[in-house]
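Data first, discussion second: the structure below is written as structure tokens.
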Amino acid sequence: MYNYLDFEKPVADLEGKILELKKLSDAGEAVDVGDEISRLEKRSKDALRDLYKALTPWQKAQVARHPDRPHCMDYVRALFTDFTPLAGDRNFGEDQAVVAGFARFRGQSVAIIGQEKGNDTQSRIKHNFGMARPEGYRKAIRIMDMADRFGIPVISLVDTAGAYPGVGAEERGQAEAIARSTSKCLSLKVPNISVVIGEGGSGGAIAIATANLVYMLEHSIYSVISPEGAASILWRDPTRAKDAATNMKITAQDLLQLKVIDGIIPEPVGGAHRDREATIELTGRTIEKGFEDLAALGQDYRELRREKFLAIGRSL
């Protein structure tokens, strides 16, 4: 059984009935329930497919935040070998909201920078729910500096509601750290690819997502502020987050049309959490193809990046 979202109640009811019938069958009940199980499974699949064909932006935000969705370390473990994490910013301390280091991807050395939310209460607290402090972004800068020095491509995995807004983070220069990390992304001489795997929230996301190629998973979101935050500012009513999500153009489909991102990675019907392995594998193939496309261009990656971001909004 999955952790069902509110709008998935029709599917939850059907899958609950299927589970009950399977328990009866396993218990050796004399009633033949095979045909009924098959019928309900078809209805469940059809209902799930119909729901996910027409998700609203707010429903996509809920899917992007699903607790069972694969997180940064799930991708690292599945796609990379010889991963060597590096800790600390050489200035203040270690921030475990940001995972960074070097590894091999399809036989090639790469630098990895990602935001890890955690998958249970203990790990979420450890990783501060994926909300990085200044030292996290300064660690990212340190990794990018090393990658640039040794000619190693950079991959970033974005999944954060935003940078941590606490007093300590502000005292240690949160805005400055985000700005410098964004600037470092833009100035890299090596190619970089970013994938929004869940939430891409505000400057906390763009600090590591200013890449040659930016991809989003089909049901991820990417925005300047969370829908709840926008509703609080615009209407002083966080319960209007649904309205904010609709108007902010936060979905992968909207952002591809606006040319903010370069591609969408399809998810299984029902979201990435329903088939984590397939989602991660397709993400890996997309990153691999992205690097091949960039190599074929044979141009200055800084200039390509500059042209890409200056072009956003010009043709609208």
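A single member of Y4, Y75 is of a type outside the set (D, E, K, R) and either without any contact (Cβ under 8 Å) to a residue 40 or more places away in the chain or not assigned by TED's automatic domain parsing to the domain that holds L282 (or both), and it is Y4. Counting the residues of segment 66-97 that are among the aromatic types (F, W, Y) and crowded, with 20+ Cβ neighbours inside 10 Å gives 1.
Among the residues that make up segment 232-250, is at least one of them part of a loop (DSSP other than H, G, I, E, B), among the aromatic types (F, W, Y) and either at pLDDT 95 or above or surrounded by fewer than 20 Cβ atoms within 10 Å (Cβ to Cβ) (or both)?
Checked against the condition, which is being part of a loop (DSSP other than H, G, I, E, B), among the aromatic types (F, W, Y) and either at pLDDT 95 or above or surrounded by fewer than 20 Cβ atoms within 10 Å (Cβ to Cβ) (or both), segment 232-250 yields at least one hit.
Tell me yes or no: at least one residue of segment 178-200 is among the hydrophobic types (A, V, I, L, M, F, W, C) and more than 21 Å from the chain's Cα centre (by Cα). Looking for residues that are among the hydrophobic types (A, V, I, L, M, F, W, C) and more than 21 Å from the chain's Cα centre (by Cα), one finds at least one in segment 178-200, hence yes.
Go through the residues of segment 195-209 one by one and say whether even a single one is in the same structural domain as C72 (by TED's automatic domain parsing), touching a helix residue (DSSP H, G or I) at 6+ places or on another chain (Cβ under 9 Å) and more than 20 Å from H127 (Cα to Cα). The answer is no; no qualifying residue exists. Annotation note: of A111, A140, A163, the sole residue that is touching a residue at least 60 places away in the same chain (Cβ under 8 Å), buried (at least 24 other Cβ atoms within 10 Å of the Cβ) and either in the same structural domain as K289 (by TED's automatic domain parsing) or at negative phi (or both) is A140.
Of the residues making up segment 251-298, those that are small (G, A, S) and either assigned to a loop (DSSP other than H, G, I, E, B) or not assigned by TED's automatic domain parsing to the domain that holds S220 (or both) are G270, G271, G298.
The rows are residues; the columns are (1) assigned to a helix (DSSP H, G or I); (2) under 20 Å from the mean Cα position of the chain (by Cα); (3) among the β-branched types (V, I, T); (4) at pLDDT below 85.
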{"residue": "M1", "(1), (2), (3), (4)": "no, no, no, yes"}
{"residue": "F7", "(1), (2), (3), (4)": "yes, no, no, no"}
{"residue": "E15", "(1), (2), (3), (4)": "yes, no, no, no"}
{"residue": "S25", "(1), (2), (3), (4)": "yes, no, no, yes"}
{"residue": "D46", "(1), (2), (3), (4)": "yes, no, no, no"}
{"residue": "D50", "(1), (2), (3), (4)": "yes, no, no, no"}
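Only one of the numbered conditions (1) under 25 Å from E218 (Cβ atoms); (2) in contact with a helix residue (DSSP H, G or I) (Cβ under 8 Å, 6 or more places away or on another chain) is not met by F92, and that is (1). Within segment 181-193, is even one residue in contact (Cβ under 8 Å) with a residue 60 or more places away in the chain and in contact with a Leu (Cβ under 7 Å, 6 or more places away or on another chain)? So far as segment 181-193 goes, yes, one or more of its residues are in contact (Cβ under 8 Å) with a residue 60 or more places away in the chain and in contact with a Leu (Cβ under 7 Å, 6 or more places away or on another chain).
Take the residues in segment 188-213 that are over 14 Å from G114 (Cα atoms) and modelled with pLDDT of 95 or more, then tell me which one is surrounded by the fewest Cβ atoms within 10 Å (Cβ to Cβ). Write out each step before concluding.
Looking only at segment 188-213, we keep the residues that are over 14 Å from G114 (Cα atoms), and these are 188-191, 202-203, 212-213.
Keeping just the survivors that are modelled with pLDDT of 95 or more gives 188-191, 212-213.
Details: L188: 21, K189: 11, V190: 19, P191: 22, N212: 24, L213: 22.
Selected residue: K189.
The values are calculated or read from the model by the stated rules, or taken from the named source; none is laboratory data. Everything quoted here is computed from the prediction, not taken from an experiment. Quick reminder, even Gly has a Cβ in these numbers, built from the backbone with ideal geometry, and neighbours come from all protein chains shown.
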